[in-house]
Amino acid sequence: MRKERTIYSCTTCGHKEPRWVGQCRECANWNTFLESAAEDREPPRFNFQRKEVAKALPLKDLVISESPRIKTNLSEFDRLLGGGIVKGSFTLVGGDPGIGKSTLLLQAASAAAKQGVVVLYISAEESLEQTFLRAQRLGVTGNDNLLVLSETNFSAIKKNIEEIDPDIVIVDSIQIIYKNDIPSAPGSFVQVREVATEFMHLAKGRGISIFLIGHVTKTGEIAGPKMLEHLVDTVLYFEGEKQQNFRLLRVVKNRFGSTDEVAVFQMTGGGLVEVCNPSQFFLEERTKESTGSVIVATLEGSRTFLVEVQALVTDTVFATPSRRASGIDQNRLALLLAVLEKRVGYPLHSRDVFVSLAGGIRIAECAIDLGVILAIISSYSNRIIPSNVVAIGEVGLSGEIRGIPRIEGRLKEAIHLGFKKFFIPKRNSEAIMKEFSSKIQIIPLEVVEEAIDALFV
Ligand SMILES: Nc1ncnc2c1ncn2[C@@H]1O[C@H](COP(=O)(O)OP(=O)(O)OP(=O)(O)O)[C@@H](O)[C@H]1O
Ligand SMILES: [Mg+2]
């Protein structure tokens, strides 16, 4: 039989300790601790004992009704979740400080409340006044269905949830909530793990859709145990440059829909506004006909964005040339410059090179390599690339142009926006020539030099 642990209680205030102590931490009285009676002992924290023993069933005999989804009128947000908020789903939303997590979820909460569902917004980080002021700024008037609670103690939150019985609960943020019976500080590994587990039991046990807002670490990962990401059904990640006003909400994990989806928003004084046509948004400020500029087509989940790559090549005044990349990986830029130098023969070792993606977007996809190279050569040689050109292709170390996935989607988006001339990898061209060659000019490429000859010679 399991040996029971001895527990000591303060006879004055009832505070419990795992071992005998001289002075009570709660009421500060001395010599008040006695061994607890058996009925005073804390009940086990998780009771997994069931009256009935679960029975295995053939998979084909299972009948599961499709759970209805709650639709907010934020169409991008609904699309990202796979068509609305699933009843009883457990979602984690991460993102840099000040990126707009509270703004997004307050807007979503208000939109959902307008659809008639009861939403409880737990503003643990901010006071009710702060939340009210934000709501006022966002034009979120709310109704009887949108309730706000400023509380950090989990027991108090649980009591409120049990009394209100909401459909959706938003916890802003998980790192601030604490459980009394855990000695470590709020935000610590154990507190986050335990509080998140409790919220999961509430979500699954009562069928409440719970959204947890989570902080991120210096390296950009969601703070707290990795187990947090395993525990939830969906992980959303909010990103963007704070100086720029566009924001990307990305699905990193989703048990109810596809991952790798993104929704694009614009941060304005009145809150987040959905961007239904991201390509137009990124090309809005493009000045026609300037050197060092070309358009690339990149994929984000199932969507295609057209983005302007800008490059500036100048003579170096210092001994070591400066290379700066904004929006693309610095190492990728170094690699592409080495290809230009060694394979194509451009003497860039004595030049400063700056490359930037207009609009503040970050792209990790190699399909923009050709665009980066052409923008650099355009600036270096002071020759303009016509404004109706789109360049797509990955560049290999020998200067070869490699094939890229889903070329049709990229071409369709660019044709829709009026682009006429496309530099694409030869490998992709055969499959699409028949369909597109009557509408647009396609230049299939095997090596970088072919693109340079076609544009600048
Ligand atoms: N008065 C305002 N006018 C315009 N934009 C504002 C205003 N106040 C805040 N913002 C925008 O909202 C952002 C803060 O949003 P929010 O508080 O939702 O972020 P958060 O991700 O929840 O931050 P935290 O991690 O601190 O909780 C600011 O970075 C700014 O872009
Ligand atoms: Mg916040």
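Quick notes on this one:
Yes or no, residue by residue, for (1) out of contact with any Asp or Glu (no Cβ under 6 Å at 6 or more places or on another chain); (2) among the acidic types (Asp, Glu):
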{"site": "Phe281", "(1), (2)": "yes, no"}
{"site": "Glu285", "(1), (2)": "yes, yes"}
{"site": "Glu300", "(1), (2)": "yes, yes"}
{"site": "Val307", "(1), (2)": "yes, no"}
{"site": "Thr314", "(1), (2)": "no, no"}
{"site": "Gly327", "(1), (2)": "yes, no"}
{"site": "Val339", "(1), (2)": "yes, no"}
{"site": "Arg343", "(1), (2)": "yes, no"}
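- Filtered by the rule that a residue be open to solvent by less than 30 Å² (accessible area, probe 1.4 Å) and either outside the structural domain of Ile385 (by TED's automatic domain parsing) or part of a loop (DSSP other than H, G, I, E, B) (or both), region 440-454 gives a lone residue, Ile440.
- Checking region 198-215 against the condition returns no match, with no residue being on the phi > 0 side of the Ramachandran plot and within 16 Å of ligand 1 (Cβ to nearest atom).
- Residue tally, condition farther than 13 Å from Ala451 by Cα and either open to solvent by 10 Å² or more (accessible area, probe 1.4 Å) or in contact with a Gly (Cβ under 7 Å, 6 or more places away or on another chain) (or both), over region 365-385: 9
- Matching residues in region 346-362 - criterion: being open to solvent by less than 10 Å² (accessible area, probe 1.4 Å) and either β-branched (Val, Ile, Thr) or over 30 Å from Val275 (Cα atoms) (or both): Leu348, Val353, Val355, Ile361
- Unmet requirement for Asp172, which otherwise passes all of (1) open to solvent by 40 Å² or more (accessible area, probe 1.4 Å); (2) within 16 Å of ligand 1 (Cβ to nearest atom): (1)
- Those residues of region 126-163 which are of a type outside the set (A, V, I, L, M, F, W, C), within 15 Å of ligand 2 (Cβ to nearest atom) and surrounded by 18 or more Cβ atoms within 10 Å (Cβ to Cβ), in sequence order: Thr131
- So Lys218, is it away from ligand 1 (no atom under 16 Å from the Cβ) and either open to solvent by 50 Å² or more (accessible area, probe 1.4 Å) or at pLDDT 90 or above (or both): no
- Sole residue being outside any strand (DSSP E or B), among the aromatic types (Phe, Trp, Tyr), touching a residue at least 60 places away in the same chain (Cβ under 8 Å) and open to solvent by 50 Å² or more (accessible area, probe 1.4 Å), chosen from Phe256, Phe318: Phe256
This table checks each residue for (1) more than 26 Å from the chain's Cα centre (by Cα); (2) more than 23 Å from Asp96 (Cα to Cα).
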{"position": "Gln244", "(1), (2)": "no, no"}
{"position": "Val262", "(1), (2)": "no, no"}
{"position": "Gly271", "(1), (2)": "no, no"}
{"position": "Gln280", "(1), (2)": "no, yes"}
{"position": "Arg286", "(1), (2)": "yes, yes"}
{"position": "Val294", "(1), (2)": "yes, yes"}
{"position": "Pro321", "(1), (2)": "yes, yes"}
{"position": "Gln330", "(1), (2)": "no, no"}
{"position": "Glu341", "(1), (2)": "yes, yes"}
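- Flag for Asn388 being loosely packed, with under 14 Cβ neighbours inside 10 Å and over 31 Å from the mean Cα position of the chain (by Cα): no
- If you check Leu299, Leu312, Leu335 for being assigned to a strand (DSSP E or B), out of contact with any strand residue (DSSP E or B) (no Cβ under 6 Å at 6 or more places or on another chain) and open to solvent by 10 Å² or more (accessible area, probe 1.4 Å), only one passes: Leu299.
- For region 269-291, the set of residues classified as away from ligand 2 (no atom under 16 Å from the Cβ) and modelled with pLDDT of 85 or more consists of Gly269, Gly270, Val273, Glu274, Val275, Ser290, Thr291, listed by residue number.
- Count of residues meeting criterion [in a helix (DSSP H, G or I) and open to solvent by less than 50 Å² (accessible area, probe 1.4 Å)] in region 402-414: 6
- Filter result (surrounded by 14 or more Cβ atoms within 10 Å (Cβ to Cβ) and among the charged types (D, E, K, R)) within region 222-241: Glu229, Asp233, Glu239, Glu241
- Residue in region 122-134 that is away from ligand 1 (no atom under 16 Å from the Cβ) and more than 25 Å from Lys71 (Cβ to Cβ) present: no
The values are calculated or read from the model by the stated rules, or taken from the named source; none is laboratory data. Just so it is clear, the structure is predicted and the values come from calculations on it, not from any experiment. Positions of Cβ are generated from backbone atoms using ideal geometry, with glycine treated the same way; all protein chains shown enter the neighbour counts. We work out accessible area using only protein heavy atoms, side chains counted, and drop any ligands, DNA or RNA first. Shrake-Rupley method; radii C 1.70, N 1.55, O 1.52, S 1.80 Å.
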